[in-house]
Amino acid sequence: MKKNILLLINGFGIEQSDSINVYSETLMPNMDRLTKEKLFVSLASKDLDYKDGYRKFSIGINESLTYSIIENNFSNSVYKNNQLLKYIEAKTNEDNNRLHVFCYWENDRTISQLSVFLKEISLNTSHMIYVHLILCQKSLSVYKSVERSLTLLNYELGNTIKIGMVTGENYITNILCFRDIIKTFVTEAGEKWKDLTKKVDVLTRTKTIPNQTRTFSVNNGFAIKEGDQVLFFNYNNVDVNLFMTELANQKYRAIDVTKLNFYSLFPVKCNIQIPFMYNYAISSTYAAGALKAIEAKCLVIDLKEKCPYINYYLTGLRNNVDENIRYMASDSGFIYEPSQLLQIINSSNENFIIINYEIDTCKLVDDISERLKKIDIVIGELDKLVSENKITLFISSLYGIEKEMYNSKHEVGKVNFSVRVPLVVDDYYFNKTGYTLNEGTVYDLANTIYKNINSKYNIDGLIKKKSGLLSFLYKKPKKVKEADDGKASV
């Protein structure tokens, strides 16, 4: 059984017409050669980050299963009887307490579901509810829906529901930026915008990606005070330890955090126990299950900080340790050193190795070019192993990027690798004369690799053998003919 290598250039994709044309055959000569000589197709992928990409790769779904849980609760109105929701309503009615909702806004569906909860709470309390939005979107094209949803929340849900702060998700992971967010939450200091239409217009004209939006406030009076409630409206397993720590340590105004009440929609990572309304759903179809079915082991190579999230999706939305999956941190940069990487590949016992590269963290267009050059050198070295019939090499990406970036000359341009990603299958036997690739998604890519590792895997992949009539039109190399006549499972 040969080793299967999945080389991922995450953030890389088929460039859209409005992109500045980062990719070229001179930049990546090995990649360009393989797209012409080997099996090549583009896969549909509208995801814009590695979490969504790995979810699609492992489970095959476009969004968190948690959305379906809430939708099912809405369909039969059982959400109204949720005990934690009733408790929040009761606590908000005590004294002059207010409710603060920190909403991780992923898409329009997030806001529509939030609105249902807010309407229900507002029916049972006359106290103010402030919504603090954390923008998670990674595309400039969503600003029309952003403006529509902001208006809905601020003007159409009633006098007791108002937007407090708005910030980008990237700012809550940076300690210095996050302290400014806490300062705004405690003192209401900072940038203020009452006209949401103008603010969205500014963000659009400055081409600010939503999740990189700097903190601004919309209405006054939202400063946190003792007795208030805080609800983390989250669909993913977010870490709120930084929020809790900085709120307790802030020096702007004396607040006893023990007199605040914290809740979440779904469980969060926190050093203290925070009550939650709903538990996570787990998936019945996922990568770790497929590996077990085909009796294969997998090595995942990526940055240390990303490995726990990847494991969460590969194990079907579980935080389990799976005996068939091993992780190796690439923080030292050895994945850009062909000799070191080949040594690891040759010495590993796993028959499926995922090597994660990424370009979405690059600051300049020139940085992307330099990184793609280095990756192309690695591709060339791995192709030599393919020619020796030692590995099957799959080259792809789980997601693209869409962002405005500067080059070293301080010129700005749009890098748009969204919508579709490339797939190259580099193998001694899977030649263009006898085989072809179907179009599909990165989930189909995963099934293709499982099928290649063990031909007994009962889900069809993307690699298709050409019909006899079509194959007759081509003259196959002699070695390939012999291999096809008595080819063992690879």
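Side notes on the structure shown:
- Principal-axis analysis of the Cα atoms of the chain puts helix 50-59 at an angle of about 60° to the longest axis.
- Between SER17 and ALA90, the modelled label-to-label distance comes to 6.0 nm, taking each label 7 Å out from Cα in the direction of the beta carbon.
- Using the rule -39500 (n - 2.57) for each DSSP H run of four or more residues, divided by the residues of the chain, the 222 nm mean residue ellipticity is -10500 deg cm²/dmol.
- For THR245, net neighbour charge (Lys/Arg +1, Asp/Glu -1) across residues whose Cβ lies under 12 Å away: -1
- Available extension along the chain between ASP256 and ASN82 is 59.8 nm, counting 0.36 nm per residue and deducting the alpha carbon span.
- Length gained when the stretch ALA293-ASP460 is fully extended (0.36 nm per residue, less Cα-Cα span): 58.6 nm
- Once the Cβ-Cβ distance of SER339 and ASN154 is raised to the sixth power relative to R0 = 60 Å, the FRET efficiency obtained is 0.55.
- Reach of LYS297 by Cα under 23 Å, taken over lysines that are not fewer than 8 positions away in the same chain: LYS2, LYS3, LYS51, LYS56, LYS306, LYS390, LYS451, LYS456, LYS487
- 10 °C / 1.306 mPa s Stokes-Einstein diffusion coefficient of region 1-106, Kirkwood radius on C-alpha pairs, µm²/s: 82 µm²/s
- Anisotropy class assigned to region 267-401 is oblate, per the alpha carbon gyration tensor with a/c at or over the 1.5 cut-off and a/b no larger than b/c.
- Normalised by the number of residues in region 310-425, the average gap of Cα pairs under 8 Å and 6 or more apart makes the relative contact order 19 percent.
- Region 241-293 shape via C-alpha gyration tensor axes, a/c threshold 1.5: prolate
- Distance-filtered residues of region 162-182 - backbone nitrogen under 14 Å, label point 7 angstrom along PHE216 Cα→Cβ: 164-168
- Relative contact order %, the chain, counting alpha carbon pairs below 8 Å whose residues are six or more apart: 28 percent
- Highest-first packing order for the peptide set 297-306, 44-53, 16-25 is 44-53, 297-306, 16-25, based on the mean count of other beta carbon atoms within 10 Å.
- Degrees, to the nearest 10: 338-347 long Cα axis against longest axis of the chain: 80 degrees
- Vicinal HN-Hα couplings computed from phi for region 92-98 (Karplus, 6.51 cos²θ - 1.76 cosθ + 1.60; Hz; Gly/Pro x): 5, 7, 6, 6, 10, 5, 10
- Taking Lys and Arg as +1 and Asp and Glu as -1, the other residues whose beta-carbon sits under 10 Å from that of TYR67 total -2.
- Seen from THR184, the other residues with C-beta closer than 14 Å to its C-beta sum to a net charge of +1, counting Lys and Arg as +1 and Asp and Glu as -1.
- FRET efficiency, SER75 to LEU123 (Cβ-Cβ, R0 22 Å, nearest 0.05): 0.70
- Three principal axis extents describe the C-alpha atoms of the chain; from largest down they are 85, 51, 41 Å.
- Accessible surface ranking that places the most exposed of ASP108, ASP460, ASP427 first, with a 1.4 angstrom probe: ASP460, ASP108, ASP427
- Quotient of C-alpha Rg and 2.2 N^0.38 Å, computed over region 207-263: 1.34
- The C-alpha atoms of the chain define a longest principal axis, and helix 108-123 lies at about 20 degrees to it.
The values are calculated or read from the model by the stated rules, or taken from the named source; none is laboratory data. Quantities reported herein were computed from a predicted structural model and do not represent experimental measurements. Neighbour counts are summed over all protein chains in view; Cβ atoms, including those assigned to glycine, are modelled from backbone coordinates with ideal geometry. The accessibility values were calculated without ligands, DNA or RNA, using every heavy atom of the protein model including side chains. Shrake-Rupley method; radii C 1.70, N 1.55, O 1.52, S 1.80 Å.
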